[in-house]
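Here the structure is laid out as C-alpha cells; the discussion comes afterwards.
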Amino acid sequence: MHVRLQDVTKRFGGIAANDAITVSFQSGKIHTLLGENGAGKTTLVRILAGLLNPDAGSISIDGHPVSIDSPKHAIALGIALVSQHPMIAGHLTVLENIIAARAGGQRTIIKMKALRGEVEQIAADCGFKLDLDAKAQSISLGAQKQLEIVRTLLSGARLIIFDEPTDVLTPAESDAFFVLIRRLADQGKAIVMITHFLREAIAHSQAITILKRGRLVASVVPAETTPAQLAELMVGVLPSIVAATEETPGRVRKTVLEVDNVSVEEDRRQIVRRVSLTVSEGEIVGIAGVAGNGQEDLIEAIVGLRQATEGRITIDGTHVGFGETRKLIRDDRIGYVPPDRHRDGLAGVMSVADNLSFEVLERRGMSRFGLRRFQASARHASRLIERYRIQPPRPETAAEKLSGGNQQKLILARVLDRNPRLLIVCNPSRGLDVGATAWVWDSVRRVRNENGAVLLLSGDLDEIRSLSDRILVFFRGSVSGELSPDEASSERLGLLMGGAGGEHAA
Amino acid sequence: MPLSSYFPAFTWPAFAGNRRVGFAVLPLAGIAAALATTAILVWIAGANPLAAASTIVDGAFGNTYATGVTLVKATTLLLAGLAVGVAYRAGLVNIGAEGQLQMGAAASAASAIYLQPIVSGSLLTLISLFAGFIAGAIWSGIAGFCRAFFKSNELVTTILLNYIALAFVSVLVSGPMAASSATFRESERIPASVQLPKLIAGIPLHAGFIIALLSALLVGLFFSRTTLGFVLQVVRFNPFAARSQGWSINRMIVLAMLLAGGFAGLAGSVEVLGVHGRLIDGFSPGYGYLAIGVSFLALHNSIAMIPSAVFFGAGITGMSYLQRSLQVPSSTMFAAQGVLIMFVAAGTALAVQRARQSAG
Ligand SMILES: Nc1ncnc2c1ncn2[C@@H]1O[C@H](COP(=O)(O)OP(=O)(O)OP(=O)(O)O)[C@@H](O)[C@H]1O
Ligand SMILES: [Mg+2]
C-alpha cells in the first residue's frame, strides 16, 4: 500500500492547520510525524481517517486518486486511526466495542460466535490478554489501546495511524507496543505514528516528517539524526532551564502535606493501604507507579474528592477531609492537575476563557454578588493565554478546538498561575512538545524554588527523575520503596513498580 | 465508578462527521413534517387540509380576542417550557412539568382560598404565586434528590410523579377542597381581587403573561451571567471536570431540579389565578408535555422559548377552533400535538448533533 498526500491544505477560520503538505506512507514502514503542539499533526491524520475534509490537495492510494469523505469510507479503503483518547463506548463490553468495526457494515445479523473466535485469534496474535467480556470503561488505558488495535485489525486496515500512542502506556507496555507495530509493518502494513518522544521516533521508525505551523519543514532519516537535532528542527532553540536545585543548606523546611496511615476503599476493596508520606516546603516529591496501583486514588483523597476510610490528612497542620476540594482551591491551599486531562480537565464546548476561569470563578474581582464579571474574566484569560503560550491565542475558541498539547497548557496555566501552597500535578508534560515540556518543568521547579510544596504523579519515568527531590514508588496500594533521583535507575524503578525489591519506606 | 452514570457513552470529540448539512433548517423541517402529518390526519378525519390550515390560523390570531387566548396559552406554556429548559441546561431531562404544574396549581389555589381570613388582595396573590413556585420546586426536587442520591433516572421518576400529582389534584377537588355547590370537580372560587388582573379590558390576557416574560429573561440571565448558572452548565458539559473542581454534582442536580420545577409550579399558579379562578380537575390539556416541545424547538434558550410558546399556544387555540368549526374530532388534535412534539424534538436533537459534528 502506498498512500500519498499531495498539497493537502486545511484551514480553520483563517489559520492553516495544514499548509500544502505532500507526504507518502508505505507498506512495511513505520513513519513518524513530529512537531510542536498545534503544528497540525492530528489534523493531517484526521483528514486521512475521513474525519475532516481537506480544503485543497489530493490523496491517492496506490496511484488511484481517492476522496475520503467519511470514517466509514476510510475504513473501507483500509485506513484506521487510533486516536490519542480512546474512542470507545464505555458501557459496552470489550468484544462489543471491537466488533462495532464490523457491525457498521451491511450485515444486519452479527455472527457473535464466529466473530468472537476471530477477535480472540487477533488478540492472541498480538500477544494481548484482553478480557473480552469486561466493560470497556473498567479496563486500564493500556488495555483500551489494545482494544482499539484489535478493532483496527479486525476491520482489515492496511494503513494504521497512532496518535500519541505511548502517552498512556507503561514503559513495559510501550516496549511491547513497538515490537507489535514492527511486526505489523513487516507483515506489510503501513504504520503512521505521532509522538513527542524523540527517542521513540529515532529508535522505532524508518521515516520522520516534521511539521511546523502547518507546514512540512523537514524529512529526516532516523538513523542519521539525534534528539537535539530533531528538537531544533521542531521548535528552534530550547529555552534555558531553571537550575534543578537551588540548595540553601541548613534551612528548616516546614512540612506542608502530611498523610498519616491513609486507606481508601472502592467496592469494599482496599485500593490504598495505610499510606504515610510527607511533602515539605521547597520540595518536589514524585510518585511513580503503574497507573491503577492506587496512587491516583490517594491523590483524590488528598484533594478531598474521595473519602479516606482511615487515617489523617493535614495541610499546614490543619485537617482536610472529603468534600472540601472547592474550599481548598478557593483558598489557594491546593492546586490540582488531574491525571486524565481529557476526562477531568475541560468542558470542551465551553470557551478557552470560560475554562481558564474555573479555578477563580468565585474570587473577588471575577464575580460580584454571584454575578460573573466578564471583563475581568477576559483580562484573566488573555493574560494566561499570553503567559502560557496557548495557541491559538483566542479566548473565545471552544476548548475542544485546541490541539491536545494546548489543552494541557490551558489546564496547567490556570493551576500554576494561582501559586498554590501545595501543588499536585499529574502527568504535567503528557502530550506536550519538547519546548513546552521544558517550560512546564521549569514552572514546576520554580514553584519549588519559591518554597512551595509539590507532589508530582507521573507515568513518565524521565519526568519523575528529572523533577523529583524524592521518589516514592507505588505498588498495589502501598509505597513499595523510596529513592533519591540518583538511585532511581530505570531498572530499579521498574522493579519497585512491579512490586519487587527495595526497602520499605516509612 | 458512579460517575460514569452521569456520562454519555461517547465522549467528545465523538465520532465526528464532516458533511456540511444545513443543520439549522432541521427544526423547521421538523415543524414542516409535523404539519404534513397533521394535514394527513385532518384529511383522514374528513376535512380539507388547506381549509383546515386557514381555519387554524384564523382561530389562533383571527381577532384580538383569539390572539389574547393564544397568548394566555403561551403564558402557561412558556413557564412550563422553562421547567424543561432549565433542567436540560444542567444536563437533566425533566418530563415532569405536568405534575409540577398540577402541584403548583393545587398549592396556589389552596393558599389563595384558605389564607383569605388572614391576608387579602394582591399580597395574597403574591403569596399564592410563591406557594405555587415552592410546590412545583418540591415536586421536581424529589426527582432531583432521587437522581442525586439513589441514581434513579429523573426521566422515569418525573413521569411517575406526574401520575401521582394528577391523582392528587383529582382527590383534592373531589373531597377536601371541593366547592360545596359544585357539580364539577372543582374548588371554591378565588375572589377577583386575588386573581391576576387582566392586562387589557375585554381580552383574557392576564398579568401572568408579564410574569412569564420576566421569568424567561431571568432564566437567560441566570445561565449567562451568574456563577451558579455557569457551574450548572459545566456539570452538563462535563461532570467529571465539575467534580475535579470540587463542585458538588449532587447539589447542582438538586438545585437545578428545584429551580426547574419552580417555574412549572408558577405555570400552574397562573392557570389558577389568571385563567380559571379556581382549581379544576383536568384543567391542563397536557401543557407540561407540550412544554417539552416548546423547550426543544427553542433549543432550550429561554428567550427563544417566547416565540416557541406562542407557536404552540396558537396550535392549541387554532386546533380547538378547527375542531369546533369543521367537526374534526378532538383525538385528531391530540394526535397532532404528539406528532408535533415528536418531530420538533427529533429535528432539534438532530440539528444539535449535526452542528457539533460539522464543527469537528
Ligand atoms: N476542529 C477544529 N476547529 C478549529 N481549529 C482546530 C480544529 N482542530 C484543530 N484546530 C487547530 O488547528 C491547529 C492544529 O491542531 P492539531 O490538533 O492538528 O495539532 P497537533 O499537531 O496535533 O498538536 P498537539 O501536539 O498539541 O496534539 C491548532 O491550532 C488547532 O487549534
Ligand atoms: Mg494532536
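Peptide B:229-237 has a mean shielding of 4, counted as Cβ atoms of other protein chains within 10 Å of each residue's Cβ. Springs join every pair of Cα atoms under 10 Å in this Gaussian network model of chain B, and among B:Q195, B:Q102, B:Q233 the largest mean-square fluctuation is at B:Q233. Heavy-atom accessible surface of B:M342, to the nearest 10 Å², is about 120 Å², with a 1.4 Å probe and all protein chains retained. Projecting label points 7 angstrom from Cα along Cα→Cβ for A:H73 and A:S382 puts them 4.3 nm apart. The share of accessible area on the stretch A:345-419 that comes from carbon and sulfur is 50 percent, using a 1.4 angstrom probe.
Rg over Rh for the protein assembly as shown works out to 1.03, using Cα positions for both radii and the Kirkwood form for Rh. Rolling a 1.4 angstrom probe over the stretch B:67-298 with all protein chains present gives an accessible area of which 71% lies on carbon and sulfur atoms. With the Cα gyration tensor of chain A giving a ≥ b ≥ c as the square roots of its eigenvalues, does the rule (a/c under 1.5 for rounded; else a/b larger than b/c for prolate; else oblate) give rounded, prolate or oblate? Prolate is the answer for chain A, as a/c is 1.5 or above and a/b outweighs b/c. The residues of the stretch B:191-227 occluded by other protein chains by 20 Å² or more of accessible area, set against the chain on its own, are B:S224, B:R225, B:T226, B:T227; surface from heavy atoms, 1.4 Å probe.
Note on surface exposure: B:S308, B:S122, B:S320 rank B:S122, B:S320, B:S308 by accessible area, highest first, 1.4 Å probe.
Kirkwood hydrodynamic radius computed over the stretch B:95-141 comes to 10.5 Å, based on all pairs of distinct alpha carbons. Tell me whether chain B comes out rounded, prolate or oblate; compute the Cα gyration tensor, take square roots of the eigenvalues as a ≥ b ≥ c, and use a/c under 1.5 as the rounded threshold. Judged from the Cα gyration tensor, chain B comes out oblate (a/c at least 1.5, b/c at or above a/b). Classify the stretch B:113-191 from the C-alpha gyration tensor, please: rounded if a/c falls under 1.5, else prolate or oblate depending on whether a/b exceeds b/c. It is oblate, given that a/c is not under 1.5 and a/b is not larger than b/c.
For the options B:A241, B:A135, B:A87, a Gaussian network treatment of chain B with springs between C-alpha atoms closer than 10 Å singles out B:A241 as fluctuating the most.
Computed from the C-beta positions of B:A179 and B:I210, the FRET efficiency with R₀ = 35 Å rounds to 0.75. A straight Cα-to-Cα reach below 28 Å connects B:K198 with the lysines B:K73, residues fewer than 8 places away in its own chain not being considered. Here's the picture: a label point sits 7 Å out from the Cα of B:R189 along the beta-carbon direction, and within the stretch B:50-86 nothing has its amide nitrogen under 13 Å of it. Residues of the stretch A:315-335 losing 30 Å² or more of accessible area relative to the isolated chain, 1.4 Å probe, heavy atoms only? The answer is A:R326 - residues whose exposure falls by at least 30 Å² when every protein chain is included. Interface size, chains B and A: roughly 3400 Å² of accessible area buried, both sides included, 1.4 Å probe, rounded to the nearest 100. Mind listing, in residue-number order, the residues in the stretch A:45-88 that have at least 40 Å² less accessible area with every protein chain present than in their own chain alone (1.4 Å probe)? The answer is A:R46, A:L51, A:M87. DSSP finds beta bridges in chain A, and of those with both partners inside it, around 55 percent are antiparallel. In summary, the lysines within cross-link reach of A:K189, defined as a Cα separation below 26 angstrom excluding same-chain residues under 8 places away, comprise A:K29, A:K41, A:K72, A:K129, A:K145.
In the context of the full set of protein chains, the protein assembly as shown has a per residue accessible area of 41 Å² (1.4 Å probe). Taking the helices alone, chain B has a mean residue ellipticity at 222 nm of -23500 deg cm²/dmol, built from -39,500 (n - 2.57) per DSSP H run of at least 4 residues and averaged over all its residues.
The values are calculated or read from the model by the stated rules, or taken from the named source; none is laboratory data. Fair warning: this is a prediction, and the values are worked out from it, not measured in the lab. Don't worry about glycine lacking a Cβ; one is built from the backbone with ideal geometry, like all the others, and counts go over all protein chains shown. Note: areas computed on protein heavy atoms with side chains; ligands, DNA, RNA excluded. Shrake-Rupley method; radii C 1.70, N 1.55, O 1.52, S 1.80 Å.
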